[in-house]
1. Assess whether A:Ser28 counts as being open to solvent by 70 Å² or more (accessible area, probe 1.4 Å), in contact (Cβ under 8 Å) with a residue 60 or more places away in the chain and of a type in the set (Ser, Thr, Tyr).
2. Kindly list the number of the only condition in (1) more than 13 Å from chain B (Cβ to nearest Cβ); (2) buried (at least 16 other Cβ atoms within 10 Å of the Cβ); (3) over 29 Å from B:Gln50 (Cβ atoms) that fails for A:Ser58.
3. In segment B:105-119, what residues are more than 8 Å from chain A (Cβ to nearest Cβ) and at pLDDT below 90?
4. Considering only segment A:66-94, state which residues are small (Gly, Ala, Ser) and closer than 14 Å to A:Tyr25 by Cα.
5. Kindly indicate the residue of segment B:1-11 that is touching a Lys or Arg at 6+ places or on another chain (Cβ under 9 Å) and of a type outside the set (Lys, Arg) and also most open to solvent (accessible area, probe 1.4 Å) among those meeting that condition.
6. When residues of segment A:95-113 are filtered for being of a type in the set (Ser, Thr, Tyr) and open to solvent by less than 10 Å² (accessible area, probe 1.4 Å), how many remain?
7. Applying the selection to segment B:1-42, what residues are among the aliphatic types (A, V, I, L, M) and either more than 27 Å from B:Gln84 (Cβ to Cβ) or touching a Leu at 6+ places or on another chain (Cβ under 7 Å) (or both)?
8. For segment A:5-22, indicate whether the set of residues that are closer than 26 Å to B:Thr114 by Cβ, at the interface with another protein chain (Cβ under 10 Å from one of its Cβ atoms) and outside any loop (DSSP other than H, G, I, E, B) is non-empty.
Amino acid sequence: KNQVEQSPQSLIILEGKNCTLQCNYTVSPFSNLRWYKQDTGRGPVSLTIMTFSENTKSNGRYTATLDADTKQSSLHITASQLSDSASYICVVSAGGGSYIPTFGRGTSLIVHP
Amino acid sequence: GAGVSQSPSNKVTEKGKDVELRCDPISGHTALYWYRQSLGQGLEFLIYFQGNSAPDKSGLPSDRFSAERTGGSVSTLTIQRTQQEDSAVYLCASSYGSRQATTSTDTQYFGPGTRLTVL
């Protein structure tokens, strides 16, 4: 069964600090992995998309890594800002003709001043 | 330019009633996706359109759910005989699209969602 597990479930950090969110998956065959940011009451916004051959992708202060061998991904946020407070969702899509992506439940990040 | 829009933003209905949710994708986007987000749960994929065709409907939770897309643009998600467990935020997304959207790295742009409450 395809699964995506994210940790931690929630995280509180001080403004300016760095943090790393984790995503483990069992989706097979692997096609791509996406990280989304979802502000409360809004739709998700894409941060990064990585395919099998990519092991790191940056978008400003966000850097995602992918280890396809261990089926793990991380999202590193540098110099956090108050506006980073949101839910971060890991989504893994399978290949082989499957159209159904598998979503993690997200990590809720709160950045305090 | 305009993003993905959804209507209504909120819908309260009584159990057993039918509801229709609308999604207007970004102009020129050929791929359109419907998702559901229940309270405390992760996003759940419902259905995907490439043009007016839905290659895979297996994400729809029951036969009370149906979706259509006409003119390669607007899509409607219909829920018949609503149940309380249908209460959720229904999100629509669109992307430029390709023949195999799930293997594509196209960015999906999400609408603000429709919050459905079934009493």
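1. It is true that A:Ser28 is open to solvent by 70 Å² or more (accessible area, probe 1.4 Å), in contact (Cβ under 8 Å) with a residue 60 or more places away in the chain and of a type in the set (Ser, Thr, Tyr).
2. So the condition that A:Ser58 fails would be (2).
3. Of everything in segment B:105-119, just one residue is more than 8 Å from chain A (Cβ to nearest Cβ) and at pLDDT below 90, namely B:Asp106.
4. Result: A:Ala68, A:Ser73, A:Ser74, A:Ser93, A:Ala94.
5. Checking each candidate, the answer is B:Asn10.
6. Of all residues in segment A:95-113, those of a type in the set (Ser, Thr, Tyr) come to A:98-99, A:102, A:107-108.
Imposing the further condition that a residue be open to solvent by less than 10 Å² (accessible area, probe 1.4 Å) reduces the set to A:107.
The qualifying residues number 1.
7. The initial filter retains those residues of segment B:1-42 that are among the aliphatic types (A, V, I, L, M), namely B:2, B:4, B:12, B:19, B:21, B:26, B:31-32, B:39.
Within segment B:1-42, B:Ala2, B:Val4, B:Val12, B:Val19, B:Leu21, B:Ile26, B:Ala31, B:Leu32 qualify.
8. yes
The values are calculated or read from the model by the stated rules, or taken from the named source; none is laboratory data. Fair warning: this is a prediction, and the values are worked out from it, not measured in the lab. Ideal geometry is used to build each Cβ from the backbone, glycine not excepted, and the neighbour counts take in all protein chains shown. For the accessible areas, the whole protein counts, side chains as well, though only heavy atoms, and no ligand, DNA or RNA atoms are used. Shrake-Rupley method; radii C 1.70, N 1.55, O 1.52, S 1.80 Å.
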